[in-house]
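Readers should treat all values here as calculations from the given coordinates under stated rules, not as data from a laboratory. A quick note: this is a predicted structure, and the numbers were derived from the prediction, not measured. Neighbour counts are summed over all protein chains in view; Cβ atoms, including those assigned to glycine, are modelled from backbone coordinates with ideal geometry.
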Amino acid sequence: MFSYNDIISSKLLQSSFYTLSQNKEGIYFEYLPTDFNEIMEQNMIYESEEFSLLLNLFGLDVTSEKLPFSEIRKLLFIEKEEDEINELDLDESDFDLTKDTKKFISSYLKLFNDLTEVYPILYILFGDVWTILRYLICKEGLYNGKYKIDFDSASTTYVNLYNDISYILAHREQMKQELLDIFNISSEYKIKLPTSEIALIYQAYNQNRGYDLILNELNPYIKDAENQLLNSWEDIIKILPSKLNEELSFPTCGSLTKFVKQMVQVLIHKEQTLRKCKNCDRFFVARYSSLAEYCTRKVTGTNSMCQEYASKKIYKKKQAENPLYQVFTTYYNRIYGRIRRGSLDKDTTLLDDIKLLHQEFSSKYDTSNDSESKEKIIESFIIEADKLLS
């Protein structure tokens, strides 16, 4: 999707950010206009249903990863030993990468394109990526337009990108486990407690055990107005009602870490749970009080969603276990075989006739309460079916 031409463009990509509105989430790019008399240009790059990108970030929307998430480390072309860096850790020589800047940028963007195809939430990083790559072409004198990037801007941006990616890579698995602990296990055991209560109980349990939680830093309901962690259970209980009753604002965010923080807030605020679809084994989001067991994704190779597909499968299974249905299937296949072999005219109505006969006897069979009566109904069906074929 992205190429060298996007980096050398006359426009300046000011930011890339995620936003959530009316149960739809989107990633936008915001450009400064080439003409100062024009307004800011804003383009939507990606749109999906609420929570889709959160599931995607943690690999909960697939049964196997096409591309390891750890590959995003390759976006950090200036390697440092520290997990977190600042501007003083970089100098201009760190950006002396290659004599062929165009080739390097094209290769880098191919990696970025491959990553965003599997993990579209990574589009949120492109604002930082663009700024850093723009600096490389400015540094080599390959761009002479009015929107140049200097070293200070590039180093600050690289620090943001480095720290964001490093943090997510270091804590992704623990975050994923905490998400499942809070939002999935209770629904698996059909515990009908509001998600906000589950989150608080989970946090209290881990505090008591002395376990450090990554989501402690992200959960807004265990912090005070000064953004400090609340120490007492009583303080947490007192703050909860006002938090849940107030309008939840969702500011735009431009980093993976902020994205996770805000989506955890939304999950708790909306009392949502994570559930594994019983048809496709992928996770989906549902309110804690919902009875949903299947997601709304389309089943591969069909036009049916998992819920509809599973219902049909269950119905067919029940039918296959039904003795009357088994007898009907035998006669249906016998008629179909004769048509295929040419011993019956292809325009014969016998297939429709046997279906109607089965429907007639099914209603009697389903309302019958004892096995002897059911057996007699099957015998009567066989007699009538034989008459059709005679």
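A few remarks follow.
- Inter-probe distance in nm under a simple model that places probes 7 Å from Cα toward Cβ, at K346 and S363: 3.4 nm
- Degrees, to the nearest 10: 233-245 long Cα axis against longest axis of the chain: 80 degrees
- When the Cα atoms of the stretch 4-170 are aligned to their principal axes, the ranges along those axes come out at 45, 45, 28 Å in descending order.
- Inverse of mean 1/r across different Cα pairs in the stretch 322-389, Kirkwood, Å: 12.5 Å
- Each of I132, I8 has some number of other Cβ atoms within 10 Å of its Cβ, and from fewest to most they run I8, I132.
- Rg and Dmax over the alpha-carbon atoms of the chain stand at 30.0, 93 Å.
- Of T257, T131, T302, the one that fluctuates the most in a GNM where the chain has Cα springs shorter than 10 Å: T302
- The stretch 69-116: trypsin sites (Lys or Arg not before Pro) falling in loop per DSSP and having at most 11 other Cβ within 10 Å: K99
- Between the listed residues Q174, V159, Y147, the Cα displaced farthest toward the positive end of the dipole of the stretch 141-195, a dipole computed from Cβ unit charges relative to the Cα centre, is found at Y147.
- With each label modelled as a point 7 angstrom along the Cα→C-beta vector, the D281-K24 pair spans 3.4 nm.
- Cα-based shape type of the stretch 234-387, given that a ≥ b ≥ c are square roots of the gyration tensor eigenvalues and the cut on a/c is 1.5: prolate
- Nearest-ten-degree value, helix 371-389 long axis tilted from longest Cα axis of the chain: 80 degrees
- The stretch 272-360: GluC sites (Glu not before Pro) in DSSP loop, at most 12 other beta carbons within 10 Å: E321
- For the chain, with +1 on Lys and Arg beta carbons and -1 on Asp and Glu, the positive-most of H269, G337, Y119 along the dipole: G337
- Neighbour-count order for Y315, Y123, fewest beta carbons within 10 angstrom listed first: Y315, Y123
- Cα→Cβ-extended label distance, 7 Å offset, between S70 and I339, nm: 5.7 nm
- Coil-residue chymotrypsin sites (Phe, Trp or Tyr not before Pro) of the stretch 4-74, DSSP, other Cβ within 10 Å capped at 11: F36
- Taking 0.36 nm per residue of separation and subtracting the Cα-Cα distance, full extension of the segment from N322 to K192 would add 43.3 nm.
- Charge sum, other residues only, whose C-beta stays under 14 Å from T349's C-beta, Lys/Arg counted +1 and Asp/Glu -1: -1
- Least to most buried among H171, H358 (fewest other Cβ within 10 Å first): H171, H358
- Cut-off 15 Å between beta-carbons: net charge of the residues surrounding I8, Lys and Arg +1, Asp and Glu -1: +4
- Near-label residues of the stretch 177-208 by backbone N, under 20 Å of a point 7 Å along Cα→Cβ of A170: 177-179
- Pairs exceeding 19 Å between alpha-carbon atoms, taken from K66/K110; K24/K66; K11/K148; K11/K146; K276/K298; K313/K376: K24/K66; K313/K376.
- The separation of the stretch 277-292 from the stretch 320-369, counted between C-alpha centres, amounts to 37 Å.
- Cα long-axis angle, helix 350-367 against the chain (0 to 90 degrees, to the nearest 10): 90 degrees
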